[in-house]
Amino acid sequence: MKAVPTTKLPDGEPVPILGQGTWFMGDDARKRKDEVAALKLGIDLGLTLIDTAEMYADGGAEEVVAEAIEGRRGEVFVVSKVLPSNASRAKTIAACERSLKRLNTEVIDLYLLHWRLGTPLEETLSAFAALVKDGKIRHWGVSNFDLGDMNDLWSLKDGKACATDQVLYNVTRRGIEFDLLPLCRKRKMPIMAYSPIEQGRMLKHPALVKIAGAHDATAAQVALAWLLRQKDVIVIPKTSSLDHMRENRAALDLKLTAGELAALDQAFPPPKAAEPLAML
Ligand SMILES: NC(=O)c1ccc[n+]([C@@H]2O[C@H](COP(=O)([O-])OP(=O)(O)OC[C@H]3O[C@@H](n4cnc5c(N)ncnc54)[C@H](OP(=O)(O)O)[C@@H]3O)[C@@H](O)[C@H]2O)c1
């Protein structure tokens, strides 16, 4: 099995372009065993970047992650997020301490502001800087920031250290291709694509089904392969199913032809003008 390809954070650190999401994990105790097993299999398969958040199951998803990474913390790149209601300096630091406890780890590899609300960015950045200095987080970034938000961030003295913007991006949600994605590329900051299969809603689309049929693949694999072909976008599908995990890993080996990419452009046209950032 070939290693999962990597892309680089702005400071040069490599991270896998295919990772794992955890939204809705930890919500239902009866599903916990399957969730932990799926995450463990994902790590075995090289999907070592795991994305979670204090918001998911009110911290429950972070506890599921803790169970999955127990004894193999060194293999995993853990991403978590602070809620905007905790974005003040003091509350961010306290939220991070709680996440570290639930994750049963000394350090979070990448800590994101989940979305922007009222708190001045300088406040949150000052908390991130303190957390980096204290060894509690290694990198920081943002999520659901549109172009204007990113420009505000980059205009700040310490804003340029931002490691990623995690945004909704999949073949049916292409708005960021007009401006945000090219600008992030220019700045050599990878974006992280969440809901890469639109939480399953796109899987019956005839364009995806047809291409899947030609490759003896699934629509989910086509959607993932469409994102992964870009090489510098970090893709974080969530699954609690071992079969889906294997399927998602195998999407890395699916190469779409120029004709298939053109057919997808026709079914899901790229943006012709700036669009407001889509969010889930
Ligand atoms: N920053 C943000 O605001 C934000 C927002 C949304 C999501 N996220 C992050 O991004 C991650 C991924 O996004 P998401 O969970 O919203 O949506 P997603 O990954 O697009 O879709 C997850 C859904 O698809 C199913 N699925 C996964 N692989 C499949 C396959 N091969 N075939 C068929 N169904 C499959 C899963 O069910 P099974 O478990 O049964 O496979 C689940 O119901 C989240 O878990 C979270 O970590 C971040």
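Magnitude of the Cβ-charge dipole of the range 145-245, K/R +1 and D/E -1, about the Cα centre, nearest 20 debye? Provide the component values of the computation, followed by the final result.
On the way: 14 positive and 11 negative charges, 47 e Å.
My answer is approximately 220 debye.
Only one residue of Pro16, Gly59, Thr48 has its Cα farthest out toward the positive end of the dipole of the chain, where Lys and Arg carry +1 and Asp and Glu -1 on Cβ, and that residue is Pro16.
Which value in deg cm²/dmol, rounded to the nearest 500, describes the helix-derived mean residue ellipticity at 222 nm for the chain, given -39,500 (n - 2.57) per DSSP H run of n ≥ 4 and division by the residue count? Let's see the in-between values first.
On the way: 10 runs with 104 residues, N = 280.
Result for the chain, helices only: -11000 deg cm²/dmol.
Full extension of the segment from Ala258 to Ser155, taken as 0.36 nm per residue of separation minus the current Cα-Cα distance, would add 33.2 nm. Comparing Asp232, Asp44, Asp109 in a Gaussian network model of the chain where C-alpha atoms under 10 Å apart are linked, the largest mean-square fluctuation is found at Asp44. Basic side chains Lys and Arg get +1 at the Cβ, acidic Asp and Glu get -1 at the Cβ, and with that the dipole of the chain about its Cα centre reaches some 320 debye. Cross-link partners for Lys231 among the aspartates and glutamates, with Cα-Cα distance under 14 Å and sequence neighbours closer than 8 places in the same chain left out: Asp253. Among the GluC sites (Glu not before Pro) in the range 37-88, none sits in a DSSP loop with a Cβ that has at most 11 other Cβ atoms within 10 Å. With a ≥ b ≥ c taken as the square roots of the eigenvalues of the C-alpha gyration tensor of the range 33-137, please select rounded if a/c is under 1.5 and otherwise prolate if a/b is larger than b/c or oblate if it is not? Judged from the Cα gyration tensor, the range 33-137 comes out prolate (a/c at least 1.5, a/b above b/c). With 29 Å as the limit, the listed pairs Lys188/Lys272; Lys210/Lys238; Lys101/Lys204 have Lys101/Lys204 beyond it between alpha carbons. Here the gap between Leu117 and Asp58, fully extended at 0.36 nm per residue and compared with their Cα-Cα distance, gives a gain of 19.3 nm. By the count of neighbouring beta-carbon atoms within 10 Å, fewest first, Trp140, Trp226 end up ordered Trp226, Trp140.
Mean separation of Cα pairs under 8 Å and 6 or more residues apart, divided by the residue count, gives the range 1-119 a relative contact order of 23 percent.
Contact order, relative form, for the range 132-280: 27 percent (alpha carbon pairs under 8 Å, 6 or more residues apart, mean separation divided by residue count). Take the Cβ atoms of Arg187 and Lys133, set R0 to 25 Å, and the FRET efficiency comes out at 0.55.
A short reminder: the numbers here are calculations on the coordinates, not readings from a lab. Not measured: the values here are computed from a predicted model. Please note: Cβ atoms are built from the backbone with ideal geometry, for glycine as well, and neighbour counts cover all protein chains shown.
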